1. Can you name every residue in the range 271-299 that is among the hydrophobic types (A, V, I, L, M, F, W, C) and either within 18 Å of residue 258 (Cα to Cα) or at pLDDT below 95 (or both)?
2. Within the range 179-190, does at least one residue satisfy the condition of being out of contact with any helix residue (DSSP H, G or I) (no Cβ under 9 Å at 6 or more places or on another chain) and either in a strand (DSSP E or B) or modelled with pLDDT of 95 or more (or both)?
3. Taking the criterion of being modelled with pLDDT under 50 and either crowded, with 22+ Cβ neighbours inside 10 Å or in a helix (DSSP H, G or I) (or both), would at least one residue in the range 35-47 satisfy it?
4. Can you pull out every residue in the range 101-131 that is free of Cβ contacts under 8 Å to residues at least 40 places away in the same chain and in contact with a helix residue (DSSP H, G or I) (Cβ under 9 Å, 6 or more places away or on another chain)?
5. Just for the range 202-219: of the residues that are assigned to a helix (DSSP H, G or I) and touching a helix residue (DSSP H, G or I) at 6+ places or on another chain (Cβ under 7 Å), which one is surrounded by the fewest Cβ atoms within 10 Å (Cβ to Cβ)?
6. Please state which one of 92, 68 is hydroxyl-bearing (Ser, Thr, Tyr) and more than 13 Å from the chain's Cα centre (by Cα).
7. In the range 201-231, what residues are more than 21 Å from the chain's Cα centre (by Cα) and more than 18 Å from residue 263 (Cα to Cα)?
8. Among the candidates 255, 271, 279, single out the residue that is surrounded by fewer than 19 Cβ atoms within 10 Å (Cβ to Cβ), touching a helix residue (DSSP H, G or I) at 6+ places or on another chain (Cβ under 6 Å) and not hydrophobic (A, V, I, L, M, F, W, C).
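The values are calculated or read from the model by the stated rules, or taken from the named source; none is laboratory data. Just so you know, these numbers come straight off a predicted model, no measurement behind them. Positions of Cβ are backbone-derived with ideal geometry, glycine not excepted, and every protein chain shown enters the neighbour counts.
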Amino acid sequence: MKRPEAIAVRKLLGRLALLLVAALVGALALGPVVLRGRVDAFYGRFTSPQAGSLILGTSRAAQGIRPSVLNQRLAGQYAGPLLNYAFTLTHSPYGPAYLRSIQRKLRPEVLNGLFVVAVDPWSLSLNGPEGVYPEDNSFIGQLDQVSQNPNLPYLARYQTKPLYRLLLDFATATERLHPDGWLEVNIGTDSAQVRARTARKLQDYRRLAAAQHPSAGRLAALRQTVQLLRLHGKVCLVRMPVGAALLQLEQVYQPGFDQQMRQLAGAMAVPYLDYSTAPYVTTDGNHLQKDASATFSAQLSIDLNRVLYKN
């Protein structure tokens, strides 16, 4: 082999060796991130074992209800583990897809579970004709394996970031999904930031109010969800705290919502706790601030103890 060609081959082999080393280092670094469920704000809920008790709803519940706090105050009264299996308004409004996912996540033999079912007008609304549910095309509707670690179907279909971004985002993320499913969000809480986020969030929900309508199909799915969960333990409907402006919009959008929930709870013999006007601090009028989520979860555990366990 001529000398220039030999040099070129050595350079190529050297580059391949560096790529191989980089790939191995990347795999070693990514392994703990993936196996500990820290890929994004959802993935860890699909790698944990099947649950004995569940917190359900949208991002209000995902950020606002801490299983660890409920465990501290209600330990021994329900089957574990207690998992926060709430996602977002896009992914987990009440409907057939969410119900199927809940069935997959719940251990079938459980009889003494605790099920906190967070409700609001938006999680029972629909943009479009009845029976057409957008979340059917999301991981909630299409992921059959919800307790697999690593969850390769999720990683293959729903984790779209380049691998190097997983490491960077893990190091700098403002969101941290805890093993029990609580989504911790660390963002600025000074008054100017909160006012700006609240104004933007209110605009988002005004657009939703103009485009959506209360859905008979979603309400039926909520009933079916409660019926399923009652076979496995105690169920409580909960309306989360929100800011005053967003609550006012909800009252205009669906003025009979609270009464509807009370009637549904009464018909299904489950309690309903309404915290919508409770003065907890939010990050944007919609989600509780991190410290407020601990305080709210403590109050919720006291009330659950009272209405479910008569203590």
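1. Going through the range 271-299, the residues among the hydrophobic types (A, V, I, L, M, F, W, C) turn out to be 273, 278, 281, 288, 292, 294, 296, 298.
Those that are among the hydrophobic types (A, V, I, L, M, F, W, C) and either within 18 Å of residue 258 (Cα to Cα) or at pLDDT below 95 (or both): 273, 278.
2. Of the range 179-190, the ones out of contact with any helix residue (DSSP H, G or I) (no Cβ under 9 Å at 6 or more places or on another chain) are 190.
Next cut, either in a strand (DSSP E or B) or modelled with pLDDT of 95 or more (or both) only: none.
Among the residues of the range 179-190, not one is out of contact with any helix residue (DSSP H, G or I) (no Cβ under 9 Å at 6 or more places or on another chain) and either in a strand (DSSP E or B) or modelled with pLDDT of 95 or more (or both), which makes the answer no.
3. In the first step, residues of the range 35-47 are kept if they are modelled with pLDDT under 50; the result is 35-37.
Subsequent filtering for residues that are either crowded, with 22+ Cβ neighbours inside 10 Å or in a helix (DSSP H, G or I) (or both) retains 35.
Yes, that holds for at least one residue.
4. Result: 128, single match.
5. Here the answer is 206.
6. On the way: 92 fails: more than 13 Å from the chain's Cα centre (by Cα).
Just one listed residue meets the conditions, 68.
7. Within the range 201-231, 203, 206, 207, 209, 210, 211, 212, 213, 231 meet the criteria.
8. Details: 255 fails: touching a helix residue (DSSP H, G or I) at 6+ places or on another chain (Cβ under 6 Å); 279 fails: touching a helix residue (DSSP H, G or I) at 6+ places or on another chain (Cβ under 6 Å).
None of the others qualify; the one that does is 271.
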